[in-house]
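Working notes, structure below.
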Amino acid sequence: MELPAREILSLFLPGEMSPGIEPLGNGHINDTFLVRLSDDCKYVLQRLNQKVFKDTNAVMHNYKLLENNFLNNVDVSLPGVYRSVNNNLLEFDKHGNPWRLIEFVEYAYSLDHIVKKEQAYQAGFGYGAFLKGCAKCPVGEFQEVIPEFHNLKWRMQQLDLAAEQDTAKRLSAVTDLVSFYRNQYARLNGLIAVLNSREIPVRIVHNDTKINNLMYRGEQVRAVVDLDTVGPGSVIFDFGDAIRTIANSSDEDEQELGNVAFNMYFFKAFAQGYLSQTKDMLTDTEKFHLWQAPLYMTLIMGVRFLTDYLNGDIYYKTEYEGHNLVRTRVQSKLIASMETNYHPIKTIIEQMLTDNQ
C-alpha cells in the first residue's frame, strides 16, 4: 500500500522527497494514513473504498458543499480538503483507486471508548453543534452517496434476501438472530412510517456519528471528521448512532457478551450535550420520536453486520472468521439491554425537552 500512497502523495505535495507515512485509525471502510513532514506539519491521506462509495465524485461534491456552507459561528470545525497539482480533489492510482489529502486536526485526539460522563456530554455537544452548523446547507444540492443507507425497511429486505440465498451456508447458526431482528423491526413500524412520510424533516446530517469521528482537544470536542457520509438524513440517524457507540459499555466486537450493556449515565450525558445545542431547532415530531433513535440505529447496524456475515463478509473489513457474527451479536445484546431501559430513556428525553421552556 505504501508505494501507491507515495506516488499519489507526490501529486498533492510535490517536492516532498520522503515524508513519513503510517496507518491511521481503525475504520471499517477506507484506508487512512498519517503523512508526517515534521512534528508540526501533518496531513491525512485516504484511499476511498469504491465498493462502498461507488460515486466518489458525489462524495467530494458533498464535501465541498459542506465546507462552503457550514456556519463558522458554531463550536466545532471541519477538516479541509486539498487540491492536487492538477487542481483535482481526487487523484487515481494505476489501479483506478481514488485518493485524497485532508487537513490533519492538530493537537487533538479521538476516543474509541467513553470512560467518563464529561466525555459523553462533549460528544453530544459536538454532534449537536455540527447539526447547527449545517442549518444553512442547501439540502436539495447534496447527493445521497450511499442509497438507502439508513432505510431500515430496505436493510431488512437485504437481510431476508441474504437469509433466503444463504450464500456462505451460515444461516443455520443464526436463525435466532434473524428472528430477533424481525421482531424488533415490527416494533418500529410507527417511526418508520413517520420517516417515510417526511413528517420528520430531511436535514443535512453526518450519518455516521461514531464516537471516534470526533476530535477532542483537552477536554472539549473541537472538530468533526469522517465526512464522507454527510448528506440528506434525519436527526434520528445521528442521535441514535452516536448513542449506539457512546452508551455501549463494550467494544463493537466484544466476544464476551456479558460485558455488553447500555450505559444510562453516558446516554443521559450525551443527550444533555446534544439537546443543549439542538433543542430549539428540533420540530415537535423529531422530539416525540427521539427516544426511539438508539433502537432504530442499533437495529440497522445489527442487521447490516448479520447480512454481511450471511453473504460471506464482502462489505466490512474483518480480522478473523466470524468477526461479523461477533459484531452482530453485540448489537443484539445492546438492543436487549436497551429494552430494559425504554421507560427511563423516554422519560429522560421528555424531561430534557421540557426543562426551561
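Annotation: for a label point projected 7 angstrom from Cα along Cα→Cβ of residue 219, residues of region 87-117 with backbone N closer than 13 Å are 116-117.
Potential lengthening of the chain between residue 198 and residue 16 amounts to 60.5 nm, from the contour at 0.36 nm per residue minus the alpha-carbon distance.
With the Kirkwood sum run over all distinct C-alpha pairs, the chain has a hydrodynamic radius of 21.2 Å.
Positive-end ranking of 276, 122, 102 along the dipole of the chain, with charges on Cβ about the Cα centre, is headed by 276. Size check on region 50-156: the Cα extents along the three principal axes, sorted descending, read 47, 41, 30 Å. The helix-based estimate of mean residue ellipticity at 222 nm for the chain, built from -39,500 (n - 2.57) per DSSP H run of four or more residues and divided by its residue count, is -14500 deg cm²/dmol to the nearest 500. The aspartates and glutamates whose alpha-carbon is closer than 17 Å to the alpha-carbon of residue 136, local same-chain residues fewer than 8 away aside, are 67, 75, 280.
How much accessible area per residue does region 238-357 have, counting only protein heavy atoms and a probe of 1.4 Å, in square angstrom? List each step's numbers first, then the result.
Details: 4670 Å² over 120 residues.
In whole numbers, region 238-357 has 39 Å² accessible per residue.
Return the loop-located trypsin sites (Lys or Arg not before Pro) in region 54-147 (DSSP other than H, G, I, E, B) with at most 12 other Cβ atoms within 10 Å of their own Cβ; answer none if there are none. The qualifying sites are 54, 94, 116, 136.
Counting only GluC sites (Glu not before Pro) that DSSP places in a loop and that have at most 14 other Cβ atoms within 10 Å, the longest clean stretch of the chain runs over 17-105.
Please list 308, 40, 253 from largest to smallest accessible area, probe radius 1.4 Å, with all protein chains kept in place.
Details: 308 10, 40 115, 253 55 Å².
Reading off the accessible areas and sorting them downward yields 40, 253, 308.
Remark: spin-label model distance residue 285-residue 36 equals 5.1 nm, labels positioned 7 Å along the Cα→Cβ axis.
Run the dipole for the chain about the Cα centre, Lys and Arg Cβ at +1, Asp and Glu Cβ at -1, nothing else charged, and hand back the magnitude in debye, nearest 20.
Values: 35 positive and 45 negative charges, 121 e Å.
With Lys and Arg at +1 and Asp and Glu at -1, about 580 debye.
Pairs exceeding 29 Å between alpha-carbon atoms, taken from 54/346; 64/333; 51/210: 54/346; 64/333.
Taking a point 7 Å out from the Cα of residue 167 in the direction of its Cβ, the residues of region 129-160 whose backbone N falls within less than 15 Å of it are 158-160.
With R₀ fixed at 45 Å, the C-beta to C-beta distance from residue 151 to residue 106 puts the FRET efficiency at about 0.75.
Round to a whole number: what % of the accessible area of region 205-284 belongs to carbon and sulfur, probe 1.4 Å?
Working: 1120 of 2610 Å².
In region 205-284, the share of accessible area belonging to carbon and sulfur is 43 percent.
Given the C-alpha centroids of region 116-176 and region 52-101, what is the distance between them in whole angstrom? That distance is 21 Å.
Please state the relative contact order of the chain as a whole percent: Cα pairs under 8 Å, 6+ residues apart? Each step should come with its number before you reach the end.
Working: 586 pairs, mean separation 69.7, N = 357.
After rounding, I find 20 percent.
The values are calculated or read from the model by the stated rules, or taken from the named source; none is laboratory data. What you see is a predicted model; the values in this text were computed from it and never measured. Glycine also receives a Cβ, built like all others from the backbone with ideal geometry; neighbour counts cover every protein chain displayed. Each accessible area value is taken on the protein alone, full model and side chains, heavy atoms only, with ligands, DNA and RNA left out. Shrake-Rupley method; radii C 1.70, N 1.55, O 1.52, S 1.80 Å.
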